[in-house]
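What follows is one structure encoded as structure tokens, with my remarks underneath.
The values are calculated or read from the model by the stated rules, or taken from the named source; none is laboratory data. What you see is a predicted model; the values in this text were computed from it and never measured. Reconstructed Cβ throughout: ideal geometry from the backbone, glycine too, with neighbour counts over all protein chains shown. Ligands, DNA and RNA are stripped out before the accessible areas are found, and what is left, the full protein with its side chains, is counted by its heavy atoms. Shrake-Rupley method; radii C 1.70, N 1.55, O 1.52, S 1.80 Å.
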Amino acid sequence: MMCGIVGYTGPRNAARVLIEGLKQLEYRGYDSFGLATLGNGIEWYKRAGRIGEAEKDAAGIGGKTGIGHTRWATHGIPDDCNAHPHLDCTGRIAVVHNGIIENYTELRRSLKARGHILRSETDTEVIAHLIEEHSGSNLLDAVRDTLPELTGSYAILAIRSGEEGIVAARKNSPLVIGVADGEYLAASDSTPLIDYTSRVIYLEDGDLAHLSASGVRIFHEGAEVVRPVERLGWSPEEARRGGFPHFMLKEIYEQPGAFSDTVRTVCDLPEILLGCRGLTVVACGSSYHAGLIFKYIAEEACQIPVRVDLASEYKYFMAPTRDPVIGITQSGETADTNAALQSAKVHNIPTLAITNVLGSSVTRIADETVYMRAGPEMSVAATKSFIAELAVLIRLASLLSDRSLDITLDQGHRAIEEALLTDMGEAVQMCSSASHIFYVGRGPFYPVALEGALKMKEISYIHAEGYAAGEIKHGPFALLSRETPVIAVCTPGSTHDVMIANIKEMEARSTPVIALGSGADRELDAIADILIPLPDAAPVLQPVAATVILQLLAYRTADALGRDIDKPRNLAKSVTVE
Ligand code: F6R
């Protein structure tokens, strides 16, 4: 499930803290939400829809300990009843859960046979009833005894009326504990914790924890263990919108820093890449496009073959190669990418993760991890994390090629800043009145076209397709018309002339063309309806700059159409199901 969970125990009104925490988790995508507290017995509130002004409805809910949840429906429709928390038959136990209980059908059947009343269609509800069955002991033991009955993945928070504190458990689903003075939080990621503390504990798979006003205790395989308290590098301001109308725009403007901070920190070649003769990259969505750009850059600079596979395909159709596998995932929680890396590991293939999130699940799977330094990305559409991925990949290609691609920190920063100044009023007008848009490019600008189209479709809902420019005449030509703009990236270099020829073929079909290229390119200027100049930067930085311009074009178009930019319909930030 692509859900978010949050728990709180301390001196404050728990419902208020939980609602604020759930709002911080909204970016993950959700269709319903809810919370339960230890007030007068278990007090709860849950609803389908947006959190909005839930604090008004939940104003009467007391208690200083509680758990909350944002749900993305997988088992049962998004309605009030299926929203979490779920309670047992007695109404004394409440549970929130992120993950999937795979054996829930059998569990439901046997629970019903034993007389339990199940109210929802969810897999999660079985957990509350199983805990109820083990309730002879304290809640910690009851949860511990329940876990072996569950098959699947979970991050669970549970409370029981009359008993202090929260019990937390994790298996293949992230869970982080926030440690403040006399108050403790738990959540799917650190965003709800930032307002309270920068000290966190990342639970390991198989951990069981008890959080109460008197502290946190963690158990693993029956024994009490000590997990390190780590410091979050993110300030509260970094996690907020900072005056921009949307997180996406704020994050687009943070890209010069994200790029140079990342370049600055990737100094050494990871051990598993030393002397490698070939590479495989696995990733999804934008991260996959970053992998494709890397392929063009690294194959040229390092003269080694780079295979790029969609992570969702890799696990089932592994190529017969033993080259190291790089998994790129900004969130570190993408189920397909993590599963692909796990499959590589099963075959003893060395693995490297590139991620933005410290301690995320992928870091526990891969042999080595390289972090990008993009800071928290709240908008569903990936922008600064994509640019930071490119920063890591350019650095790795450079280190693999004896630094032939070395760029100064200043060069990357400057190219992105310049791209951010691009005026694209006319192009926005053309795009916002279109129903279909094609994006084309060659070489590394082919994946740039894919990424530009992905950004446009996900936030503006305009149908947009990225193509290798040479492929347009092998089918999509049938769709070209006066109403279907083509965005063509055409830079100086070996493919310039053939791109010009491709653009002319499109013009001959009355297709309006928005070209990205050199401002000094007279030939391009003469044939394009609109020419958007790219910054004058090193070739390796051109795909970075072109992507930034296409992000802005998608953003401005979506804004002109009044879309819900940070939370596009049907999408979630972390896709934690395969
Ligand atoms: C697009 C987008 C998605 C992600 C994809 C992979 O804007 O955000 O396509 O790129 O879901 O996510 P990560 O990188 O977290 O594995």
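Can you confirm whether Gly62 is buried (at least 23 other Cβ atoms within 10 Å of the Cβ) and in contact with a strand residue (DSSP E or B) (Cβ under 6 Å, 6 or more places away or on another chain)? Spelling it out, it is not the case that Gly62 is buried (at least 23 other Cβ atoms within 10 Å of the Cβ) and in contact with a strand residue (DSSP E or B) (Cβ under 6 Å, 6 or more places away or on another chain).
Is it true that Asp566 is in a loop (DSSP other than H, G, I, E, B), open to solvent by 10 Å² or more (accessible area, probe 1.4 Å) and either over 30 Å from Ala340 (Cβ atoms) or not assigned by TED's automatic domain parsing to the domain that holds Ser331 (or both)? Working first, answer last.
Details: in a loop (DSSP other than H, G, I, E, B): yes; open to solvent by 10 Å² or more (accessible area, probe 1.4 Å): yes; either over 30 Å from Ala340 (Cβ atoms) or not assigned by TED's automatic domain parsing to the domain that holds Ser331 (or both): yes.
Criteria met by Asp566.
Within segment 25-33, at least one residue is among the small types (Gly, Ala, Ser), surrounded by 20 or more Cβ atoms within 10 Å (Cβ to Cβ) and touching a residue at least 60 places away in the same chain (Cβ under 8 Å). Scanning segment 266-291 for residues that are assigned to a helix (DSSP H, G or I) and in contact with a Pro (Cβ under 7 Å, 6 or more places away or on another chain) gives Ile272, Leu273, His289.
Under 25 Å from the mean Cα position of the chain (by Cα) and surrounded by 18 or more Cβ atoms within 10 Å (Cβ to Cβ), is that true of Thr37?
Values: under 25 Å from the mean Cα position of the chain (by Cα): no; surrounded by 18 or more Cβ atoms within 10 Å (Cβ to Cβ): yes.
The answer is no for Thr37.
Quick one: which of Glu333, Glu368, Glu377 is within 20 Å of Asp309 (Cβ to Cβ), among the acidic types (Asp, Glu) and surrounded by 23 or more Cβ atoms within 10 Å (Cβ to Cβ)? Steps first, please.
On the way: Glu368 fails: surrounded by 23 or more Cβ atoms within 10 Å (Cβ to Cβ); Glu377 fails: within 20 Å of Asp309 (Cβ to Cβ).
Being within 20 Å of Asp309 (Cβ to Cβ), among the acidic types (Asp, Glu) and surrounded by 23 or more Cβ atoms within 10 Å (Cβ to Cβ) holds for just one of Glu333, Glu368, Glu377, which is Glu333.
Scanning segment 380-429 for residues being open to solvent by less than 10 Å² (accessible area, probe 1.4 Å), more than 15 Å from Ala258 (Cα to Cα) and either within 16 Å of the ligand (Cβ to nearest atom) or among the acidic types (Asp, Glu) (or both) gives a total of 1.
Among the residues making up segment 435-472, those that are basic (Lys, Arg) and open to solvent by 30 Å² or more (accessible area, probe 1.4 Å) are Arg442, Lys457.
For (1) within 16 Å of the ligand (Cβ to nearest atom); (2) among the small types (Gly, Ala, Ser); (3) surrounded by 15 or more Cβ atoms within 10 Å (Cβ to Cβ), each residue gets a yes or a no:
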| site | (1), (2), (3) |
| --- | --- |
| Val489 | no, no, yes |
| Ala508 | no, yes, no |
| Leu531 | no, no, yes |
| Val548 | yes, no, yes |
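This table checks each residue for (1) under 20 Å from Tyr45 (Cβ atoms); (2) more than 32 Å from the chain's Cα centre (by Cα); (3) of a type in the set (Ser, Thr, Tyr); (4) buried (at least 19 other Cβ atoms within 10 Å of the Cβ).
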position	(1), (2), (3), (4)
Cys81	yes, no, no, no
Pro85	yes, no, no, yes
Ile101	no, no, no, yes
Arg109	no, yes, no, no
Lys112	no, yes, no, no
Ile117	no, yes, no, no
Val126	no, no, no, yes
Glu133	no, yes, no, no
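Taking segment 181-190 as the range and being open to solvent by 10 Å² or more (accessible area, probe 1.4 Å) and either over 14 Å from the mean Cα position of the chain (by Cα) or not assigned by TED's automatic domain parsing to the domain that holds Thr65 (or both) as the test, the residues that pass are Asp181, Gly182, Glu183, Tyr184. One residue stands out in segment 350-370 among those that are away from the ligand (no atom under 13 Å from the Cβ), at negative phi and in contact (Cβ under 8 Å) with a residue 60 or more places away in the chain: the one that is nearest to the chain's Cα centre (by Cα), namely Leu358.
A quick yes/no check of all residues on (1) hydrophobic (A, V, I, L, M, F, W, C); (2) not in a helix (DSSP H, G or I):
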residue: Leu118; (1), (2): yes, yes
residue: Pro148; (1), (2): no, no
residue: Ile159; (1), (2): yes, yes
residue: Ala169; (1), (2): yes, yes
residue: Ser173; (1), (2): no, yes
residue: Gly178; (1), (2): no, yes
residue: Gly182; (1), (2): no, yes
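The residues of segment 136-150 that are in contact with a helix residue (DSSP H, G or I) (Cβ under 9 Å, 6 or more places away or on another chain) and not aliphatic (A, V, I, L, M), listed by number, are Gly136, Ser137, Asp145, Thr146, Glu149.
Take Ser432 and decide whether it is over 24 Å from Ile297 (Cβ atoms) and buried (at least 24 other Cβ atoms within 10 Å of the Cβ). Here the answer is no, as Ser432 does not meet what is asked. Taking segment 215-228 only, how many residues are among the β-branched types (Val, Ile, Thr) and open to solvent by 80 Å² or more (accessible area, probe 1.4 Å)? Total meeting the criteria: 1. Report yes if Leu561 is touching a Gly at 6+ places or on another chain (Cβ under 8 Å) and either of a type in the set (A, V, I, L, M, F, W, C) or surrounded by 14 or more Cβ atoms within 10 Å (Cβ to Cβ) (or both), otherwise no. When the stated conditions are applied, Leu561 does not pass them. A Cβ distance below 7 Å, combined with a sequence gap of six or more or placement on separate chains, defines the contacts here; from segment 140-166, residues that are of a type in the set (A, V, I, L, M) reach residues that are surrounded by fewer than 22 Cβ atoms within 10 Å (Cβ to Cβ) and in a loop (DSSP other than H, G, I, E, B) in the pairs Ala142/His134; Ala142/Ser135.
Would you confirm whether or not segment 305-328 contains a residue that is of a type in the set (S, T, N, Q), over 25 Å from Arg395 (Cα atoms), more than 14 Å from the ligand (Cβ to nearest atom) and under 21 Å from the mean Cα position of the chain (by Cα)? No, because not a single residue in segment 305-328 is of a type in the set (S, T, N, Q), over 25 Å from Arg395 (Cα atoms), more than 14 Å from the ligand (Cβ to nearest atom) and under 21 Å from the mean Cα position of the chain (by Cα). Checked against the criterion of being more than 16 Å from the ligand (Cβ to nearest atom), over 22 Å from Ile354 (Cβ atoms) and open to solvent by 30 Å² or more (accessible area, probe 1.4 Å), segment 272-292 has no qualifying residue.
In segment 551-564 there is at least one residue that is free of Cβ contacts under 8 Å to residues at least 12 places away in the same chain and farther than 25 Å from Leu393 by Cα. Filter segment 248-271 down to the residues that are under 20 Å from the mean Cα position of the chain (by Cα) and open to solvent by 10 Å² or more (accessible area, probe 1.4 Å) and list them by number. Leu249, Lys250, Tyr253, Glu254, Gly257, Asp261 - these are the residues of segment 248-271 that are under 20 Å from the mean Cα position of the chain (by Cα) and open to solvent by 10 Å² or more (accessible area, probe 1.4 Å).
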